[in-house]
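Visitor: Sending over a structure as structure tokens; questions will come in a sec.
Read the figures in this text as sums done on the coordinates, not as results from a lab. Note that the structure is predicted; figures quoted are calculated from it, not measured. Note that we place each Cβ from the backbone using ideal geometry, even for glycine, and neighbour counts take in every protein chain shown.
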Amino acid sequence: MSKTPAYAAASAQSPLAPFSIERREPGAHEVLIDIRYCGVCHSDIHQVRDEWGGSVFPMVPGHEIVGVVSRVGSAISKWKIGDVVGVGCFVDSCRHCEACKEGEEQFCAQGMSATYNGYERKPDGSLDTMRPTYGGYSSRITVDENYVLRIPTGMPLDRAAPLLCAGITTYSPLRHFGVKAGDKIAVVGLGGLGHMAVKIAKAMGAHVTVLSHSAGKRDDALRLGADDFLVTHDADVFKQHAGRFDFILDTISAQHDYNAYLGLLRRDGTMVLVGVPDPAPVHAFSLIVGRKRLAGSLIGSIRETQEMLDFCAAHGVASDIELIPIEQINAAYARMLKGDVRYRFVIDIASLDKAAA
């Protein structure tokens, strides 16, 4: 075990503060990664503040991790010291359920082992509630070789970090539901998720429209690659564009009227939710008139996340970020709650190492 500097929340009411954790030496099939960058996801705030319930404290957040392999286990052949790698939203799964066997570990029947605010696995695959997981707001992490991702050569590492959550969360539904060149798609919301959805959908060849309540984001939407921009606080927009889109990706986590957006779909169109707002009613007629589908999507599997990274590298896609030192993390949380980030904070972990020196 080695002492590792980190930032943690001691409770749901506590700000993030310097903390020390222990990282185990890599086992036969594990790698030790020196973390270089860690993205800041809005879910970090939800979990630090126990807004979803069940939070495990002290908590070291962070599941958008990019770093360099510094040590490998005795049975490792896939990775070597010096490899540039990533770690996303989970670090293990039961490996035995139907989902895991089919390479869909994110839907593990026993629950995936989250990179933080979760628990490690026992040899039999069950969760070990005596061993909580700690995330990427730290200097290093030990991970099973099968849950490590290769960062393609040439990809900017700081801008690659958010792809491990925001990137795969938006790529997965676009890929799963078959978005293709020429499709007319809408992205609802232009935040950390939405800006990645625009870039990825455009790279897939789709005609992309951003739907936002904020007229001030028009220029950014077009700069990011959107072909059109609609301001949704005008109710007439929903009438004027009824039946326009083949596919809608809804990234908003604030409560809103799903029925209005479903009206924008063509016959047999699909709307997929990746945001997590408070419950809102869905009227049957919003679906049955036009044989429309309302679906949800989580993140992606390890296989699909690697596919996403390779796709983004091939198309020059990376996140728009603001790089911050670890000391600014509480201020960054406050800014995120105000929507004051374009479009993802990323922590320079070198600042954590300097602070701990």
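Visitor: Taking 0.36 nm per residue of sequence separation and subtracting the Cα-Cα distance, how much length would be gained by fully extending the chain between L323 and H241, in nm to one decimal? All intermediate terms of the calculation are to be shown ahead of the outcome.
Guide: On the way: separation 82, 0.36 × 82 = 29.52 nm, distance 3.80 nm.
Full-extension gain reported as 25.7 nm.
Visitor: Any idea how far apart S14 and A355 come out in nm if each label point goes 7 Å out from Cα toward Cβ?
Guide: 1.4
Visitor: Now for a different question. Just list whichever of K101/K199; K78/K101; K101/K292 have alpha carbons separated by over 27 Å in the model shown.
Guide: Values: K101/K199 31 Å; K78/K101 20 Å; K101/K292 31 Å.
Going by Cα-Cα distance, K101/K199; K101/K292 fall outside the 27 Å limit.
Visitor: Which one is right for this structure if percent of Cα pairs over 27 Å apart is calculated from it: [x] 57; [y] 71; [z] 46?
Guide: [z]
Visitor: Restricting attention to segment 81-116, which GluC sites (Glu not before Pro) occupy a DSSP loop and are surrounded by at most 14 other Cβ atoms within 10 Å? Show your work: numbers first, answer last.
Guide: Working: sites: E98, E102, E104, E105; in loops: E102, E104.
Here the sparse-neighbourhood loop sites are E102.
Visitor: Can you give the relative contact order of segment 77-194 as a percent, counting alpha carbon pairs under 8 Å and 6+ residues apart? Walk me through the numbers before you get to the answer.
Guide: Details: 135 pairs, mean separation 26.8, N = 118.
23 percent.
Visitor: Moving to a separate point now. For labels at A334 and I45 in the simple 7 Å Cα→Cβ model, what's the distance in nm?
Guide: Taking the simple label geometry, A334 and I45 are separated by 1.3 nm.
Visitor: Please work out the FRET efficiency for the pair R71 and Q110, using the Cβ-Cβ distance as r and a Förster radius of 35 Å; give the result to the nearest 0.05.
Guide: Values: r = 29 Å, r/R0 = 0.82.
Efficiency computed from Cβ-Cβ geometry: 0.75.
Visitor: For the pair D278 and E307, what calculated FRET efficiency results from E = 1/(1 + (r/R0)^6), where r is the Cβ-Cβ distance and R0 = 35 Å, to the nearest 0.05?
Guide: After rounding, the FRET efficiency stands at 0.60.
Visitor: Also, quick follow-up: If each residue of separation counts as 0.36 nm, what is the full-extension length gain between R223 and R266 once their alpha-carbon separation is subtracted? Display every interim value, and only then the final one.
Guide: Numbers: separation 43, 0.36 × 43 = 15.48 nm, distance 2.68 nm.
Full extension from R223 to R266 adds 12.8 nm.
Visitor: Also: Counting DSSP beta bridges in the chain, what percent are antiparallel, to the nearest 5?
Guide: Details: 36 of 63 bridges.
In the chain, DSSP labels about 55 percent of beta bridges as antiparallel.
Visitor: DSSP loop chymotrypsin sites (Phe, Trp or Tyr not before Pro) in segment 45-135 with at most 13 other Cβ atoms within 10 Å of their Cβ, which ones? Can you show the working numbers first?
Guide: Values: sites: W52, W79, F90, F107, Y116, Y119, Y134; in loops: W52, W79, Y116, Y134.
Those satisfying the criteria are W52.
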